[in-house]
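Got a structure here, written out as C-alpha cells. Questions coming.
The values are calculated or read from the model by the stated rules, or taken from the named source; none is laboratory data. It should be emphasised that the depicted structure is a prediction, and the values quoted were computed from it without experimental measurement. Virtual Cβ from ideal backbone geometry, glycine too; neighbours counted across all protein chains shown. The protein model used for the area step is the full one, side chains on, heavy atoms only, and it has no ligands, DNA or RNA in it. Shrake-Rupley method; radii C 1.70, N 1.55, O 1.52, S 1.80 Å.
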Amino acid sequence: MAHIFVCAYRHKCTACFKQYKKKEHLIEHMKVSCHSAHEPKCGVCQKHCKSYESLREHLTGPLAKANCSTIFADRGCKLCLKLFDTPSSLSEHRELCCLHAPAPLGTMKMPHTNSQMDVDISTSMNGFCSTRAPEAIALDCEMVGGGSDGSLDLCARVCLVDEDEKLVFHTYALPQIPVTDYRSEVTGITEEHLKDAMPLTEVQEKVFRILYNGESIGKARLDGGKARLLVGHSLENDLDCLRMNYPDHLLRDTAKYCPLMKTNFSSHSLKYLTREYLGQLGVHDPYEDCVSVMRLYKRMRSQDHQLEGIESSSANQHSQGFGNVFETWKPNEMKQMMPNGLLEVSKSNYKCWCLDSLLKS
C-alpha cells in the first residue's frame, strides 16, 4: 500500500521565525510583536530578537543555535554582538569596543559650579558614530537618607556630564530636611561635605538652565526646541530627589530602553550594563556613572538601522509612527500580503535611539 505524506503549509514570520498554521495567526502575531528593523538581529541567521539579552542567549546561551554559536564564537564581538567578516577585523574592533572606566571624580580637579556651558558637542569617542546628533547631558545624583529610619531619599550630590565626557556641573546639595543617614559606605558623603552645600532650589535652577539651554519650558515640552536630551539610569529616581520634571520625549533612560532590558523586560543594573556592553569595570562614582550611561547611549545611538517603510520622510515624522500600524489595513489586504510584506509595514513600539542621530541632519 502506498503511503501518502501530507506536508502542511506553515506561515513563517520572517523576523523571529515563528510558524503558524493559519495566515490569520501570523497576522495576529505581527500585530502584537511590533517587529522592526530597530530590533537586535543575529548577524548569522538574521533572526530578530526583542533585546540584546535575547540575542546574547541566541548566540552564546546554553540553548544557543549551533550554527550561529559556532560562527559567532569565531567572528563575533561579545560586547556589541556584531559579526565581522574575518577574525582579524574582529581583533581590530575589540580594541575600540572595550572601554576602560573613567577616573573617579575624587581624582579629578574639581570644576566650578557654573551652569554656563559653551562646548561644541559632537561625538568623537572611539568606537562610536561621529554623526551630528542632538546635544545630550548625562545626570547622576547621590542620595542620603532622611526620616526617622533614613529611608527617605534626599538629593545630596549632583553631577552632569556632556557627550565628550566633560564635567559640566558638579555640586553637593543641601537637603531641605535633616539627614539621618549619610549612607557613607555607598555615597562617600559625610556631614562635612554638606556643611556649606548649595541649597537644593539653587541646584534646581542651575540644572534647569543647562538642560533647557535657554529654551522656554513650554516649547521644550512641545517639540524639544533647543532643550537637551537627558541621559541617565532610572532617571525617575534622580528627578524625584531633585524635585524636578522633564519632558518624557527628551529622556533617554538606560534602565527602560527595551534593547538593554532583560528578556522579561525588567531592568538591568548599570553595573551589569557597563560590564556586558562596554567591557568596563569600575567603582560607584557619580562622574563614572554619568560617563557610563552616556557611553551606553552613544553606543545605542550609533546603530545603523534601515528605516523600514520610509522613502523620503524625516526622522521626526518616523518618530511619530510607533505602535500598531496594522489597524489602518483591512483584513483582506493583510491576508494578501506575504510575510516579508507584513514585516515591512510593521513598526517598533518604542523610539530607537538611532533616530536621535538624524534629528538635526
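Full extension from LYS256 to GLU344: what is 0.36 nm times the residue separation minus their Cα-Cα distance, to one decimal in nm?
29.1 nm
Related question: With each pseudo-label sitting 7 Å past Cα toward Cβ, what's the ASP304-GLU92 distance in nm, one decimal?
Here the modelled spin labels are 1.4 nm apart.
Using a cut-off of 18 Å between alpha-carbon atoms, which lysines can reach LYS219, once sequence neighbours fewer than 8 places away in the same chain are excluded?
Reachable lysines: LYS360.
Give me log10 I(q)/I(0) at q = 0.09, 0.13 Å⁻¹ for segment 152-310, Debye formula, one equal scatterer per alpha-carbon, no solvent.
For the requested q values the scattering log ratios are -0.34, -0.70.
Given H placed on each backbone N at 1.01 Å, which residues far from THR171 in sequence or on other chains put an amide H within less than 5 Å of it?
Hits under the 5 Å cutoff: VAL158.
What do you reckon, how do LYS22, LYS206 stack up by accessible area (1.4 Å probe), largest on top?
Putting LYS22, LYS206 in descending order of accessible area: LYS22, LYS206.
Determine Rg/Rh for segment 199-268; Rg is computed over alpha-carbon atoms and Rh is the Kirkwood hydrodynamic estimate from the same atoms.
Rg divided by Rh gives 1.03.
Quote the FRET efficiency, to the nearest 0.05, computed for GLN336 versus LYS65 with a Förster distance R0 of 30 Å and r equal to the Cβ-Cβ distance.
0.40
Now for a separate question. Full-extension gain between LEU222 and VAL32, please, as 0.36 nm times their residue separation minus the C-alpha to C-alpha distance.
The LEU222-VAL32 span can extend by a further 65.5 nm.
Give the long-range amide H neighbours of CYS16: residues separated by 5 or more places, or on another chain, with amide H under 5 Å away, using H modelled in the peptide plane at 1.01 Å from N.
When sequence neighbours closer than 5 places are left aside, the close amide H contacts are HIS48.
I've got another one for you. As an exercise, use a Förster radius of 41 Å and the Cβ-Cβ distance of GLU57 and GLU192 to find the FRET efficiency, rounded to the nearest 0.05.
0.30
Set the Förster distance to 25 Å, then compute FRET efficiency between ASP240 and THR263 from the Cβ-Cβ distance, nearest 0.05.
0.35
How large is ³J(HN,Hα) for each residue in segment 135-146, as worked out from phi by the Karplus curve 6.51 cos²θ - 1.76 cosθ + 1.60 (θ = phi - 60°), to whole Hz, x for Gly and Pro?
Running phi through 6.51 cos²θ - 1.76 cosθ + 1.60 with θ = phi - 60° gives 5, 10, 10, 9, 10, 9, 10, 9, 10, 9, x, x Hz.
Next up: Reported to two decimal places, what Rg/Rh ratio describes segment 13-91 when computed on Cα atoms with Rh from the Kirkwood expression?
Answer for segment 13-91: 1.04.
Grab the Cα-Cα distance for GLU205 and ALA103, subtract it from 0.36 nm times how many residues apart they are, and report the gain in nm with one decimal.
33.9 nm
What pairs from LYS41/LYS78; LYS78/LYS271; LYS65/LYS347; LYS78/LYS351; LYS41/LYS262 go past 20 Å between their alpha carbons?
Beyond 20 Å: LYS65/LYS347; LYS78/LYS351.
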